[in-house]
Amino acid sequence: MEFEKQLEEWMKLDYVLPEDLPNIELYMDQVTTFLEEQLKNTKRFEDDKIFTKTMINNYTKNHLLPPSNKKKYSRNHMILLIYIYYLKNVVSINDIQIMLKPLIDHYFENPEAAHSLEEIYASLYKLEQRQHFRVENSIMKTFELSERDFPGADDQYIKNLNFLSLLGYDIYMKKKIMERIIDEMA
């Protein structure tokens, strides 16, 4: 039960709620400050940066993010930055570019689009809330599986190694599936 409590604590994830996105355009410093505050609990180390000016400028240069409008960033820019933040930990910048290009081309500040970028983000947020419990359950089952081969073993290292290896396998397989779908998108 100790692991269950730890897992519950580890699974707490800061989201930027759709309704918390600013209704006004922000300057670069305001964007980095806002996202730093909203996502601070997702950092592994205290000194980690969520976004820097250089990162955001590079995302714009590499067409992951449309240019600002007179140095101001809209809610849609913020949404794309949030997508980039989470995806960059899993797939390459090139893969993110492939994933986001249709979103930018068809939905970024396009009043004729079937759905707004905000609607798409709100929908993803709801889906992630539902998925959260499935992921937590899957991790708990993986933990239990990793403990079976060495029940009662005193060597916590072996138990941790088994658990980490199984988690790594899960991540690896999901990443490979993501890459295959991205390759088809390209």
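Please treat every number below as a calculation from the coordinates, not as lab data. What you are looking at is a predicted structure, and each value in this text was computed from that prediction instead of being measured. Methodologically, a virtual Cβ is constructed for each residue, glycine included, from the backbone with ideal geometry; neighbour enumeration extends over all protein chains shown.
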In straight Cα distance, which lysines are under 23 Å from Lys101, not counting same-chain residues fewer than 8 positions off? Lys53, Lys61, Lys70, Lys71, Lys72, Lys88, Lys126, Lys174, Lys175, Lys176
Ordering 52-60, 177-185 by per-residue average of other C-beta atoms within 10 angstrom, highest first, gives 52-60, 177-185
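Out of the stretch 83-132, which trypsin sites (Lys or Arg not before Pro) are coil in DSSP terms and have no more than 16 other C-beta atoms within 10 Å?
Working: sites: Lys88, Lys126, Arg130; in loops: Lys88.
Sparse-neighbourhood loop trypsin sites (Lys or Arg not before Pro): Lys88.
Less than 12 Å Cβ to Cβ from Ala122, Lys/Arg counted +1 and Asp/Glu -1: what total charge do the surrounding residues give?
Working: positive: Arg75, Lys126; negative: Glu19, Asp20, Glu118, Glu119, Glu128.
Spelling it out: positives minus negatives among the neighbours equals -3.
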Bins of 5 Å from zero: percent of alpha-carbon pairs in the stretch 88-186: 2, 11, 13, 15, 17, 13, 10, 7, 5, 3, 2, 1, 0
Convex hull volume per residue for the chain, taking Cα atoms only, in Å³: 141 Å³
Could you give the Stokes-Einstein D for the stretch 1-106 in µm² per second, using the C-alpha Kirkwood radius, 4 °C, 1.567 mPa s? 87 µm²/s
Could you give log10 I(q)/I(0) at q = 0.28 Å⁻¹ for the stretch 59-115, computed by the Debye formula over C-alpha point scatterers of equal weight, without solvent? -1.25
